[in-house]
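Take a look at the structure set out below.
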Amino acid sequence: MESPDKNNCSRLQRLFVEADLASGKAFPADKDQANYLLNVLRLKAGANVAVFNGRHGEWLAQVEIAGKRSCALCVVRQIREQTGPGDIWYLFAPLKQARLDYMVQKAVEMGVSALVPVFTQHTQANRLNDQRMQSNAIEAVEQCGGLNLPEIREAQKLEAVLERWPAERQLVFCDETAAGDDPLHRLKELAGKPMAVLIGPEGGFSSAERERLNRLPFVTPIGLGPRILRADTAAVAALAIVQAVAGDWQNGR
């Protein structure tokens with residue numbers, strides 16, 4: 001099959017892979033990818049796809065049929081050079097599964113570099129499926145055209161995370177009691193600094209948690225307007241504000 005030009009590469013099916021990428025290298029697609037390519041998309045031998053691994057940029061590859069349920073991917077040429085990841089951590093209280101899936105996907109699309117689950121006093125979900133979070137993150141990166149997969153960290157209690165917090169990183173605390181404050185003014189002061197965003201559970205932060213957060217020198221509390229937002233909605237709102245005012249959306253980056 002003819003190799004597409006750069007303009008048409010943006011329309012290719014994208015796959016995140018673990019393998020190293022270089023011209024002429026071939027490697028087997030994993031079971032799920034092979035099933036998707038052969039049985040869902042019904043691609044034939046020589047079909048073009050785009051592959052990336054978060055280290056070597058994005059590459060054009062071609063499908064090589066190895067059997068009814070298996071295929072290999074042969075790397076042809078580089079489409080895009082690797083870009084550096086953003087530098088926004090996203091701290092969140094775990095939600096019930098469907099809402100958590102959505103939140104992880106949207107946070108990844110918004111360019112976070114680390115997903116940090118934290119257990120708060122009012123957190124309703126006390127278990128996390130790390131593999132499902134990873135799958136959702138990969139799907140989001142593939143669909144939004146990103147090249148970097150965020151780090152997914154082990155869930156910890158909020159208190160433990162705060163005790164080990166790196167002082168140079170500012171923590172943007174989305175506090176529903178600060179609804180009247182102007183978040184734009186406060187965030188402009190953080191431009192150029194490493195940042196993280198903290199969203200609480202559906203029941204909000206406890207009084208003790210809020211009091212402790214507001215005492216910490218590395219915490220910047222902001223409000224997200226007069227409406228009470230669901231946690232997954234708040235994630236998108238907060239990350240959009242941070243990226244636009246003090247993140248990598250500045251100056252078209």
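Table for the structure above
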| quantity | calculated |
| --- | --- |
| All positions within segment 181-200 that are part of a loop (DSSP other than H, G, I, E, B) and either of a type in the set (Val, Ile, Thr) or under 19 Å from the mean Cα position of the chain (by Cα) (or both) | 194, 200 |
| Close pairs (8 angstrom Cβ cut-off, 6 or more residues apart or separate chains): touching a residue at least 24 places away in the same chain (Cβ under 8 Å) in segment 198-211, among the aromatic types (Phe, Trp, Tyr) and surrounded by 15 or more Cβ atoms within 10 Å (Cβ to Cβ) anywhere | 198/92; 198/173; 199/90; 199/92 |
| Criterion violated by residue 67 - all others in (1) under 27 Å from the mean Cα position of the chain (by Cα); (2) more than 13 Å from residue 115 (Cβ to Cβ) satisfied | (1) |
| Selected residue (criterion: surrounded by the fewest Cβ atoms within 10 Å (Cβ to Cβ)) from residues of segment 201-219 that are small (Gly, Ala, Ser) and outside any helix (DSSP H, G or I) | 203 |
| Those residues of segment 165-180 which are assigned to a helix (DSSP H, G or I) and either of a type in the set (S, T, N, Q) or at pLDDT 90 or above (or both), in sequence order | 177 |
| Residue match in segment 138-145 (condition: buried (at least 19 other Cβ atoms within 10 Å of the Cβ) and not acidic (Asp, Glu)) | yes |
| Selection status of residue 191, surrounded by 20 or more Cβ atoms within 10 Å (Cβ to Cβ), out of contact with any Ser or Thr (no Cβ under 9 Å at 6 or more places or on another chain) and within 24 Å of residue 243 (Cβ to Cβ) | no |
| Helices (runs of 4 or more DSSP H) contained in segment 28-146 and holding at least 3 residues closer than 25 Å to residue 171 by Cβ | 97-109, 130-144 |
| Considering residues of segment 56-79 that are of a type in the set (Lys, Arg) and at pLDDT below 95 only, the residue nearest to residue 138 (Cα to Cα) | 69 |
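The rows are residues; the columns are (1) more than 30 Å from residue 243 (Cα to Cα); (2) out of contact with any strand residue (DSSP E or B) (no Cβ under 9 Å at 6 or more places or on another chain); (3) not assigned by TED's automatic domain parsing to the domain that holds residue 242.
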| position | (1), (2), (3) |
| --- | --- |
| 16 | no, no, yes |
| 39 | yes, yes, yes |
| 48 | yes, no, yes |
| 56 | no, no, yes |
| 65 | yes, no, yes |
| 70 | yes, no, yes |
| 92 | no, no, no |
| 96 | no, yes, no |
| 101 | no, yes, no |
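The values are calculated or read from the model by the stated rules, or taken from the named source; none is laboratory data. Since this is a predicted model, take the numbers as computed values, not measurements. FYI the Cβ positions are ideal-geometry reconstructions off the backbone, even for glycines, and counts take in every protein chain you see.
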